[in-house]
Amino acid sequence: MGGGFGGKETRSVFVATAAAVSAKLMNRPVRVTLNRDTDMAITGGRHAFLAKYKAGAIIEEDGTIKLHALDVRLYNNGGCKFDLSGPVMDRALFHVDNCYFWPNFHSVGTSCKTSQPPHTAFRGFGGPQGLLVAEHIMDHFATECNVSGDKLRRDNMYSLQDATPFGMRFGDGFTGMWNVPGMWDRLEKELDIPGRRQRAAEFNKKNKWIKRGVGFIPTKFGIAFTAKYMNQGGALVHLYTDGTVLVTHGGTEMGQGLHTKVCQVAAQAFNIPLDHVYVNDSSTDKVANTIPSAASMSTDLYGMATLDACQQILKRIQPIKDSLSPDATLKEVAKKAFFERIDLSAHGFFALDNDRCGYDWNKDRPEGFPADLPDNAWKGHPFNYFTQGVAMAEVEIDVLTGDHKTISADVLVDVGSSINPAIDIGQIEGAFIQGMGWATIEEVIYGDDDHTWIRPRARMHTTGPGTYKIPAFNDVPESFNISLQENANNPFAVHSSKAVGEPPFFLGCSVFFAIKDAITAARGGDGGYFEFRLPATSERIRMACSDRIASECIGSDRDQSSFQPQGSF
């Protein structure tokens with residue numbers, strides 16, 4: 001099917017429906033193929049978000065700044081139809097705290113109907129937008145309080161037994177190990193973040209038109225479908241008399257390595273070589289009533305379903321195995337079991353426990369609810385666990401052109417006990433670069449009040465490679481290092497692993513915050529807070545540097561600190 005990333009979850013339906021109706025009427029196969037411009041113009045994309053917030057902090061006697069209260073309102077652009085705007089907003093609200101503890105927290109989300117095409121799922125599904133709001137607020141606080149953003153973030157991270165605004169408590173029995181503070185400290189020490197910032201500052205003093213910046217951010221990403229019924233999956237496993245195994249499961253392979261991981265689960269269960277396990281193409285005549293391969297949940301669901309099926313077969317053949325010599329091969333066991341008329345096929349099924357998924361936003365506090373449990377815990381447990389990570393990026397910007405390059409990026413991610421480290425590292429690399437592109441160069445422009453030269457209204461202008469820019473080879477960090485957290489078992493997923501598809505996406509935004517840090521240096525370092533919107537295109541970088549040339553272009557009749565370029569194509 002090629003890459004997925006969310007766009008094929010629902011927005012394939014209108015094209016598939018047209019093909020199906022035509023095929024029915026014509027009684028022959030029909031294929032519908034959209035050209036690239038048409039596809040980009042009508043299928044929608046990631047939801048744009050607007051956040052309005054009020055936040056407060058307390059300065060303690062030792063000078064430490066502690067977050068106190070946050071009131072944030074999120075708005076997303078859903079387009080002309082609802083599609084997945086509601087669930088996308090749900091996940092954004094679940095992630096707008098990121099890794100920070102707010103004693104007093106209030107958030108509201110509103111999906112807005114506009115004249116644009118319906119917007120839909122995209123890798124992260126609202127999570128990165130919520131996380132970005134959290135980091136923007138932390139940056140705003142650091143500027144207003146004149147403190148280090150790194151120290152502010154570290155001082156306000158969740159601790160064990162703290163609870164999220166939606167009632168999930170951190171700790172082994174609740175969300176598993178809470179590793180972000182330790183991962184932050186590790187990366188800060190290994191990379192010498194304070195020293196790196198000092199060296200960047202010294203470089204900036206010596207160079208007027210080239211500036212460097214450092215971005216350092218954490219993330220936690222909740223793993224589960226927010227729609228409770230979707231947290232289920234099935235698999236069909238056949239053991240053949242030659243000792244080979246065939247697996248069919250309800251997930252789809254789109255290059256993310258799902259088939260490989262499922263094969264590994266089966267191979268380990270039967271204690272056979274990996275090349276003795278085969279995966280059949282996903283098909284609803286083998287495993288019915290499937291759900292989308294989304295939310296980074298596929299390995300958790302189908303790995304566990306496959307393991308369940310394997311264990312059923314192993315239980316049936318155990319008496320046969322006991323009757324043979326200890327060194328009998330699976331082929332010998334399977335062959336004898338066949339002649340003993342033992343079923344060598346099994347359907348496996350897995351569903352998350354009821355108390356580890358599902359969240360009812362409208363449920364009132366029941367009478368007698370234990371006082372020692374967190375607020376809102378009565379509404380449910382939206383996530384099974386959190387995949388966690390920390391990333392540092394160092395960039396260099398050209399003040400005159402707005403161009404930037406990423407000098408280095410270091411990423412540390414907790415993926416539990418990885419089933420396949422090579423696949424997981426590849427997923428992290430791809431997610432980081434994709435997140436970096438979203439945060440820097442991938443600007444989407446529609447006809448609206450700010451772009452009156454695009455008509456009709458709501459027509460997408462950036463419909464191809466001439467106007468829509470994705471990361472290329474030259475955009476990859478010159479030094480790019482990925483590490484997996486050691487000794488990070490996860491008791492809530494197959495073989496103690498963790499989901500990896502979506503969580504690292506937001507870490508690519510470390511490049512965005514590094515660019516913002518470099519712009520701050522270009523503005524003189526003490527110019528106070530300025531609004532810098534995502535994505536950090538060359539135009540926005542150039543105009544945000546706020547030197548004499550930019551000021552003359554903006555004009556004296558406009559507020560220099562809040563000016564936002566609107567694209568100049």
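The values are calculated or read from the model by the stated rules, or taken from the named source; none is laboratory data. Note that this is a predicted model, so its numbers are computed, not measured. No Cβ is skipped: glycine too gets one built from the backbone with ideal geometry, and neighbour counts run over all protein chains shown. These accessible areas exclude ligands, DNA and RNA; they are computed on the full protein's heavy atoms, side chains included. Shrake-Rupley method; radii C 1.70, N 1.55, O 1.52, S 1.80 Å.
With axes computed from alpha carbons, what is the tilt in degrees of helix 510-522 against the longest principal axis of the chain, rounded to the nearest 10 within 0 to 90?
10
With a 1.4 Å probe and all protein chains kept in place, how much accessible area does Lys286 have, in Å² rounded to the nearest 10?
For Lys286, the solvent-accessible surface is approximately 90 Å².
Give the aspartates and glutamates reachable from Lys113 as a straight Cα distance under 15 Å; neighbours fewer than 8 places away on the same chain don't count.
Correct list for Lys113: Asp83, Asp448.
How large a share of the accessible area of the chain, in percent, is made up of carbon and sulfur atoms when the probe is 1.4 Å and the other protein chains stay in place?
That share works out to 51 percent.
Accessible area of His347, 1.4 Å probe, to the nearest 10 Å²?
Surface open to solvent at His347 totals about 100 Å².
When only alpha-carbon atoms count, how far does region 187-339 stretch along each of its three principal axes, as whole angstroms with the largest first?
The Cα atoms of region 187-339 stretch 82, 39, 23 Å along the principal axes, largest first.
To the nearest Å, what is the center-to-center distance of region 429-453 and region 456-480, using C-alpha atoms only?
First find each Cα centre; the distance between them is then 7 Å.
What whole number of Å gives the distance from the Cα centroid of region 32-55 to the Cα centroid of region 195-263?
22
Going toward the positive end of the dipole of region 444-520, with +1 on Lys and Arg Cβ and -1 on Asp and Glu Cβ, which of Ala458, Val476, Ile519 do you reach last?
Highest projection toward the positive end goes to Ala458.
Can you list the lysines whose alpha carbon sits under 27 Å from that of Lys286, skipping same-chain ones fewer than 8 residues off?
Leaving aside lysines fewer than 8 places away in the same chain, those within reach of Lys286 are Lys8, Lys24, Lys228, Lys261, Lys315, Lys331, Lys335, Lys336, Lys498.
Rolling a 1.4 angstrom probe over the protein chains, ignoring ligands and nucleic acids, what is the accessible area of Asp242 in square angstrom, nearest 10?
Around 90 Å² of this residue is reachable by solvent.
Where Rh is the Kirkwood radius over the Cα pairs of region 39-91, the temperature 20 °C and the viscosity 1.002 mPa s, what D in µm²/s does Stokes-Einstein return?
The diffusion coefficient I find is 152 µm²/s.
Let me spell out the model: positive unit charges on the Cβ of Lys and Arg, negative unit charges on the Cβ of Asp and Glu, origin at the Cα centre of region 52-139. What dipole size does that give, in debye rounded to 20?
Result for region 52-139 is approximately 580 debye, rounded to the nearest 20.
Using a 1.4 angstrom probe, figure out how much accessible area region 303-416 has per residue, in square angstrom, rounded to the nearest whole.
Value returned for region 303-416: 49 Å² of accessible area per residue.
How much mean residue ellipticity at 222 nm does the chain get from its helices, if each DSSP H run of length 4 or more adds -39500 (n - 2.57) and you divide by all residues, to the nearest 500 deg cm²/dmol?
It comes out at -9500 deg cm²/dmol, rounded to the nearest 500.
What's the angle, to the nearest 10 degrees (0 to 90), between helix 13-26's Cα axis and the longest principal axis of the chain?
That helix lies at roughly 50 degrees to the long axis.
Using only Cα atoms, tell me the angle between helix 127-145 and the longest principal axis of the chain; keep it within 0 to 90° and round to the nearest 10.
On a 0 to 90 degree scale, this one is about 30.
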